[in-house]
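Everything on this sheet refers to the single structure shown next.
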């Protein structure tokens, strides 16, 4: 984390399932184990359904990650 403000990865292995509240949370386990803040943003659409892109921050970097997430959301978030 000395060289960057955060990391980016997918939030789930695919698009949100139709008719369900959420998809698989398998990609969130690593951040939970590491104790790092994570924010999922709907930056991609596949088959008219959102696919979350997850940004990860440094441990105890919640405030900084929130400001980065807000900046990304204002510029890039899409709606299905």
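Values quoted throughout were computed directly from the atomic coordinates according to the rules given, and no laboratory measurement underlies them. Quick caveat: nothing in here was measured; it's all calculated off a predicted structure. Positions of Cβ are generated from backbone atoms using ideal geometry, with glycine treated the same way; all protein chains shown enter the neighbour counts.
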Rounded tilt (10° steps) of 62-76 against the dominant C-alpha axis of the chain: 40
Relative counts (whole %) of C-alpha pair distances in region 7-76, using bins that are 5 Å wide: 3, 17, 26, 24, 17, 10, 3, 0
Value of relative contact order over the chain, rounded to a whole percent, pairs C-alpha under 8 Å and six or more apart: 33
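Based on the mean of other beta carbon atoms within 10 Å per residue, what is the order of 53-60, 36-43, most packed first? Each step should come with its number before you reach the end.
Numbers: 53-60: 17.2, 36-43: 19.6.
Result, highest mean first: 36-43, 53-60.
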Stretchable slack from residue 62 to residue 75, in nm (0.36 nm times residue separation minus alpha-carbon distance): 2.7 nm
